[in-house]
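Shown next, in structure tokens, is the structure this report addresses.
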Amino acid sequence: MSERATSVSPRADTESTPQDDTTAERTPVTTGAESVVRALENAGVEYAFGVQGGAIMPVYDALYDADIEHITMAHEQGASHAADAYGIVAGEPGVCLATSGPGATNLVTGIADADMDSDPMIALTGQVPTGMVGNDAFQETDTTGVTKPITKANTFASDPDTVGDEVGEAFALANTGRPGPTVVDLPKDVTLSDTSSTREPAPPKTPSTYEVRESADPDIVHKAARRIEASTRPTMLLGGGVIKGDATAEARAFAIEHEIPVVTTMPGLGAFPEDHELAMEMGGMHGTGYANMAITHCDTLIAVGTRFDDRLTGGIETFAPDAEVIHIDIDPAEISKNVHAEYPLVGDAATVLEQLTTEVRTAPKATKWRAQCQQWKSDYSMAYKTPDDEPLKPEFVVEALDEATSDRAIVTTGVGQHQMWACQYWTYTEPRTWISSHGLGTMGYGLPAAIGARLAADDDQEIVCFEGDGSFLMTIQELAVAVRENLDITVVVLNNEYIGMVRQWQDAFFEGRHSASEYNWCPEFDTLAEAFGAKGFRIDDYDEVAETVEAALEYDGPSVIDAHIDPHANVYPMVPSGGDNGQFALTEDQL
């Protein structure tokens, strides 16, 4: 994905004189653990999410007097998702901690999730003493080996004098160039041992060998600009890298100035305001029909910060078949990996868009194309029916929450049908307001993500978490954390007593055999919420929606709405896996 190539987080500025002054007044670090925590303080870390344990205990002891607020989560997976979401909203790495063995392996799902979505995160894991490594000691796991394929970088610390520098470097790497998760594995003897001198850990900085290209090749920019000018059916495709690269202003300005219709990927929701006439909204498997028609029939596709994953493209051979592709991405490995780019522009998203803005002299002549896009919006409307004799429609619930909250409200979700309805029926106008699991598709992501988002967000931003009944059960224990911390979040369980997306696929492709997808044994989530100490609500029909939504949002603390929806409601449009985006289905009999 394409990101703004800053060397480190602004709060980790190596030239910061006030930081140096503060450092001079601090108690000198004397152990490896103190050096770890000081490195986090030097990076400006305000929150850390984790679960205590034996091998990580020295670090927790050093945290006791630190200027960092630790949020004890109910499960390490919850800690990783909370840190992930915190990083997305804050724009700087979230921090999670866990002990060795099962503590570290419980982080793996969240680390893999952050890796797939290029989210900035640093995980600190305890480890058995170095002399016991490799001997199958109690709670020993080869954490660096396990996480190597799913991290941007990982380190096995071996020296109390350098461990703080390694933590600072991991923090800097997590947010430089294309963001991603990093891991520092901390053997207990390293964190317990005294440092040989009372020197401060170095400020966060990337290795001297790590380079990020900021500007694209001027010659290719020139050629891409000529292609845009000559286009009669241009479309912009904005991915998550636009948001992570802080390039939303440049992307919006370019699209609006040249009147180019805009499609977003699911991670790119909020990169372009969906209430703008140029917005075609989300493309891909469950994208709008009009977005997929725009991609399928465009002659020039300006793709920014997207890796062209299969949920977006469907079959590669049928994706944007008539288009010449201009691909802007900070990671050269993504260029032509899935979709061939005639104009590969490697660089920071905002910088390259500025280059294009300067180079494009005349807007494409696309009046007829824009009219066609508007016609597709009419032809493939996302409107739905709400018959009085049928159960509550999930789309209605999502829209009710959207209407009751501000444009800056943050939505988190788990994974399943509820995630898609939250994509389709919430109007996203601002970046960093959509937080979900995209590439990995992790059920249960929503609630711990809401906790991380709440702590990173402004006080006046509402946090709404959409979950499904099956997804919610996977991390429901984190509700205890939200209650303990008195976090103002609203959880909406779109309860259809199924793993809904699995049931939908079973109906469509497995002759309706509902193997292990029926969840009619679920608890009453409103009652369970009360047992946790949260406020519980239940919705069964349309007349209850408005009043219940208002009451849940007004409650000062965590609330849970158990919304019993139509168990047979399906997500459409739908492009079958590997299918042609231009041949999307609007009903099951079209699959």
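Considering only residues that are of a type in the set (S, T, N, Q), within 28 Å of the chain's Cα centre (by Cα) and under 30 Å from THR587 (Cα atoms), which ones fall in region 507-559?
SER517
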Seminar exercise, completed: Being among the polar types (S, T, N, Q), assigned to a loop (DSSP other than H, G, I, E, B) and buried (at least 17 other Cβ atoms within 10 Å of the Cβ) narrows THR182, THR198, THR191, THR176 down to just THR176
Exercise. Does at least one position in region 206-214 carry a residue that is touching a strand residue (DSSP E or B) at 6+ places or on another chain (Cβ under 8 Å) and either among the polar types (S, T, N, Q) or not in a strand (DSSP E or B) (or both)?
Worked result: yes
Problem set entry | Residue list for region 314-334, filter: surrounded by 16 or more Cβ atoms within 10 Å (Cβ to Cβ) and either closer than 21 Å to ASP246 by Cα or in contact with a His (Cβ under 6 Å, 6 or more places away or on another chain) (or both) | ILE326, HIS327, ILE328, ASP329, ILE330, ASP331, GLU334
Problem set entry | Some residue of region 230-241 being surrounded by fewer than 17 Cβ atoms within 10 Å (Cβ to Cβ), closer than 26 Å to LYS365 by Cα and among the β-branched types (Val, Ile, Thr) | yes
Exercise. What number goes with the only condition from (1) surrounded by fewer than 16 Cβ atoms within 10 Å (Cβ to Cβ); (2) touching a residue at least 24 places away in the same chain (Cβ under 8 Å); (3) not small (Gly, Ala, Ser) that GLU211 does not pass?
Worked result: (2)
Exercise. Quick check: anything in region 333-350 in contact with a Phe, Trp or Tyr (Cβ under 9 Å, 6 or more places away or on another chain) and touching a residue at least 60 places away in the same chain (Cβ under 8 Å)?
Worked result: yes
Seminar exercise, completed: Output for Cβ contacts, cut-off 6 Å, separation at least six or different chains, first residue over 18 Å from VAL481 (Cα atoms) in region 448-470, second of a type in the set (Lys, Arg) and not in a helix (DSSP H, G or I), reads GLN461/ARG408
Exercise. In this structure, does LEU353 turn out to be closer than 22 Å to ASN581 by Cβ, at pLDDT 95 or above, in a helix (DSSP H, G or I) and among the hydrophobic types (A, V, I, L, M, F, W, C)?
Worked result: no
Exercise. Does region 413-429 include one or more residues that are farther than 23 Å from PRO523 by Cβ, outside any helix (DSSP H, G or I), at pLDDT 95 or above and not aromatic (Phe, Trp, Tyr)?
Worked result: yes
Problem set entry | Which numbered condition ASP136 fails, given (1) within 25 Å of PRO431 (Cα to Cα); (2) free of Cβ contacts under 8 Å to residues at least 24 places away in the same chain; (3) acidic (Asp, Glu) | (1)
Exercise. Condition test on MET73, is it among the hydrophobic types (A, V, I, L, M, F, W, C) and surrounded by fewer than 24 Cβ atoms within 10 Å (Cβ to Cβ)?
Worked result: no
For this session: Report, by residue number, each residue of region 555-591 that is within 20 Å of ALA531 (Cα to Cα) and either without any contact (Cβ under 8 Å) to a residue 12 or more places away in the chain or not hydrophobic (A, V, I, L, M, F, W, C) (or both).
Result: TYR555, ASP556, GLY557, PRO558, SER559, ASP562, HIS564
For this session: State whether one or more residues within region 369-379 are part of a loop (DSSP other than H, G, I, E, B) and either more than 28 Å from the chain's Cα centre (by Cα) or not β-branched (Val, Ile, Thr) (or both).
Result: no
For this session: Would you mention how many residues in region 559-577 are within 18 Å of TYR425 (Cβ to Cβ) and charged (D, E, K, R)?
Result: 1
Exercise. Taking TYR555, is it surrounded by fewer than 19 Cβ atoms within 10 Å (Cβ to Cβ) and not basic (Lys, Arg)?
Worked result: yes
For this session: With the condition kept exactly as written, say whether any residue in region 71-79 is farther than 18 Å from PRO448 by Cα and out of contact with any strand residue (DSSP E or B) (no Cβ under 9 Å at 6 or more places or on another chain).
Result: no
Problem set entry | Residue identified as in the same structural domain as GLN355 (by TED's automatic domain parsing) and either without any contact (Cβ under 8 Å) to a residue 12 or more places away in the chain or farther than 17 Å from THR235 by Cα (or both) among GLY315, GLY305 | GLY315
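The values are calculated or read from the model by the stated rules, or taken from the named source; none is laboratory data. If you're wondering where the values come from, they're calculated on a predicted model, not measured in any experiment. Quick reminder, even Gly has a Cβ in these numbers, built from the backbone with ideal geometry, and neighbours come from all protein chains shown.
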